[in-house]
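Since the structure comes first, as structure tokens, the remarks are kept for the end.
Here, each number is a calculation from the coordinates, and none is a lab measurement. Predicted, not measured: the structure shown is a model, and the values here were computed from it. Reconstructed Cβ throughout: ideal geometry from the backbone, glycine too, with neighbour counts over all protein chains shown.
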């Protein structure tokens, strides 16, 4: 459809009640994904997300397979119409991107996200914390982190480079609180995130090592579509090399700003988000600003999927 098209898949935080239900009730392929994920996870995912149990919806072990099913379902429904020049996913969304590029099979992808969600849930810790820092520049956030690490003696890092004015810090609760306290005097805003640990940080070392062992048992094929990876912000043509990079994903930062900038530099001008809520679409707009020729669209429902050609025209 577009030789300048990037498909992007959202991650944790994009969930919403009822997500994926309209597509699953219309297209059997999507319903089969829900059933497969329920079998693999042992969780009543449709009941949780379609009946809208807010607390259960936010639980990492439930959310990771469910959101991946929604992302993959939209791709499966639309992929015959789409010929992307590249794909990417934000954190959890990266697994849907790997599946879209045929690096991993549907079953492998669902097995990995079910395990990843369980491991991250089990790694819950009162010492780990994450916070979104808004309306500050990267240098200001880095300065706050350096001061917090020095004064508390605790580990902290930027976990998500989301937009030029939105960063997520992750680390020991004491250090994260120190950063949050320093944000307001700089006229920024800090929002502590409702997560159970310091994701995308060394706090995930043990969980990441277990997931890496599971990854080693899988066949990683060379991608059919370039996948711009969170860890490097660049595509990698070798499946086995992608596996080695993905082993670092749970403990490494998400370089989303650079990912989108690199896709733009490589000729991508149309960015289509497949998943609920349109969070990444707004980020793309903030990253690329008013650069010429950029088009951004989001498809999260059956109704929007039916109008994808209109959205991209």
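Angle of helix 205-215 to the longest C-alpha principal axis of the chain, folded into 0 to 90 degrees and rounded to 10: 20°.
Name the shape class, rounded, prolate or oblate, that the alpha-carbon gyration tensor gives for region 2-56, where a ≥ b ≥ c are the square roots of its eigenvalues, rounded holds for a/c under 1.5, and otherwise prolate holds if a/b is larger than b/c and oblate otherwise. Can you show the working numbers first?
Values: a/c = 1.96, a/b = 1.48, b/c = 1.32.
Prolate shape, in that a/c is at least 1.5 and a/b is the bigger ratio.
Report, in degrees rounded to the nearest 10, the 0 to 90 angle that the Cα long axis of helix 28-41 makes with the longest principal axis of the chain. The angle comes out near 50 degrees. Across region 1-105, the volume of the C-alpha convex hull divided among the residues equals 94 Å³ per residue. Its relative contact order, with pairs defined as Cα atoms under 8 Å and 6+ residues apart, puts region 128-192 at 46 percent.
Under 8 Å for C-alpha pairs, at least 6 residues apart: give me the relative contact order for region 26-140, rounded to a whole percent.
Values: 91 pairs, mean separation 34.0, N = 115.
That works out to 30 percent.
For region 128-192, the orientation-averaged shadow of the C-alpha convex hull comes to 3.4 nm² (one quarter of the hull surface).
Compared with the dominant principal axis of the Cα atoms in the chain, helix 256-265 is inclined by about 50°.
What is the antiparallel percent of DSSP beta bridges lying wholly in the chain, to the nearest 5? If I count the DSSP bridges inside the chain, around 55 percent turn out antiparallel. Take the chain, compute every pairwise Cα distance, and split them into 20 Å bins from 0; I just need the percent in each bin. Over the chain, the share of Cα pairs per 20 Å bin runs 34, 60, 6 percent.
With contacts taken as Cα pairs under 8 Å at a separation of at least 6 residues, the chain carries a relative contact order of 23 percent. Protection proxy ranking of 191-197, 263-269, 297-303, 85-91, by the mean of other Cβ atoms within 10 Å over each peptide's residues and highest first, is 85-91, 297-303, 263-269, 191-197. Peptides 38-44, 93-99 ranked from most to least packed give 93-99, 38-44, packing being the mean of other C-beta atoms within 10 angstrom over each peptide's residues. Test of understanding: in a Gaussian network model of the chain with alpha carbons linked when under 10 Å, which of 292, 22, 127 would top the mean-square fluctuation ranking? Ranking 292, 22, 127 by mean-square fluctuation puts 292 first.
A simple packing score, the average count of other Cβ atoms within 10 Å per residue, orders the peptides 14-20, 179-185 as 14-20, 179-185, with the highest score first. Put the Cα centre of region 98-156 next to the Cα centre of region 246-279 and the gap is 15 Å. Once the Cβ-Cβ distance between residue 219 and residue 181 is put in as r, and R0 is 45 Å, what FRET efficiency do you end up with, to the nearest 0.05? Rounded to the nearest 0.05, the efficiency is 0.40.
Springs join every pair of Cα atoms under 10 Å in this Gaussian network model of the chain, and among 81, 12, 261 the largest mean-square fluctuation is at 81. What is region 170-313 by shape, rounded, prolate or oblate, if you read a ≥ b ≥ c off the alpha carbon gyration tensor as root eigenvalues and call it rounded for a/c under 1.5, prolate for a/b larger than b/c, and oblate otherwise? In terms of gyration-tensor shape, oblate.
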